Amino acid sequence: MTDIESAVRGLYEAWNVRDLPSWVAAFTAAATWTNIPTGEVFTGPAGMEQNYVNWNIPFPDGQCEEITVLVGDDFAVGQFMARGVHKGPMSTEDGELAATGKHLSVPFCDVHRFSGGLITSTVRYWDQASVARDLGLR
């Protein structure tokens, strides 16, 4: 396993065990995270923490499962199934969505760029229609 693959798997493991300090430490101080479906962009340690919290509040038992990591010289693509029960409020572009109690099982894809063993940027893709379907919104 390469150092980059290990770093990406460590990031997802930090999420799975709810280790916010390790999650944030995986990124450079100027790292960016872009959520393509929502247009959200997070920057630096505070941004990485906010992005984490935005998913942890609605899905406190959420897990990254069936993880595949494809690695290049200075990047990795992480694919996984995001699974969890919607137990807390979730911010959306239409306002706050109360917990539905519904189970989510949606594929995600992250493109991570690296420098010096740390993530400099992540671009995350997922299908909002699948999320809405799983949460009973359509």
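Computed with every protein chain present, the accessible area of MET90 is close to 20 Å² [probe 1.4 Å]. Solvent-accessible area of CYS109, all protein chains in place: 40 Å² (probe radius 1.4 Å, heavy atoms, ligands and nucleic acids excluded). Each residue of the range 111-120 was assigned a 3J(HN,Hα) from its phi angle through the Karplus curve 6.51 cos²θ - 1.76 cosθ + 1.60 (θ = phi - 60°); the sequence is 10, 9, 9, 10, 8, x, x, 10, 7, 9 Hz, with glycine and proline shown as x. A cut-off of 5 Å between modelled amide H atoms, ignoring neighbours fewer than 5 places along the same chain, links LEU97 with MET90, SER91, THR92. In plain terms, the chain from VAL17 to ALA46 could stretch by 8.5 nm, reckoned as 0.36 nm per residue minus the Cα-Cα distance. In sequence order, the range 40-56 has phi-based couplings of 5, 10, 10, 10, x, x, 5, x, 5, 5, 5, 4, 4, 4, 4, 9, 6 Hz under the Karplus curve 6.51 cos²θ - 1.76 cosθ + 1.60, θ = phi - 60°, and Gly or Pro positions carry x. Stretching the chain fully between VAL53 and LEU97 yields a gain of 14.3 nm (0.36 nm per residue, less the alpha carbon separation).
Placing HIS103, HIS86 in order of accessible area, with the largest value first and a 1.4 Å probe, yields HIS103, HIS86.
Take the Cα of GLN63, step 7 Å toward its Cβ, do the same at ASP3, and the gap between the two points is 3.1 nm. If the chain linking TYR125 and VAL77 were pulled fully straight, counting 0.36 nm for each residue of separation and taking away their Cα-Cα distance, it would gain 16.2 nm. When only the Cβ of Lys, Arg, Asp and Glu is charged (+1, +1, -1, -1), the dipole of the chain relative to its Cα centre reaches about 300 debye. Summarising the amide proton neighbourhood of GLU40: residues at separation of 5 or more, or on other chains, whose placed amide H is nearer than 5 Å comprise ASN35. Across the chain the C-alpha pair distances fall into 5 Å bins from zero in the proportions 2, 10, 19, 25, 22, 12, 6, 2, 0 percent. Across the range 70-78, computed HN-Hα scalar couplings (Karplus, 6.51 cos²θ - 1.76 cosθ + 1.60, θ = phi - 60°) run 10, 10, x, 4, 9, 8, 8, 10, x Hz from first to last residue, x flagging Gly and Pro. Here the simple spin-label model places points 7 Å from the Cα toward Cβ, and for LYS87 and ALA25 these points are separated by 2.5 nm.
The values are calculated or read from the model by the stated rules, or taken from the named source; none is laboratory data. Computed from a predicted model, the values in this text were never measured in an experiment. So basically every Cβ, Gly included, is an ideal-geometry build from the backbone, and we count neighbours across all protein chains shown. Quick note on the areas: whole protein, heavy atoms, side chains included, nothing else; ligands and nucleic acids left out. Shrake-Rupley method; radii C 1.70, N 1.55, O 1.52, S 1.80 Å.
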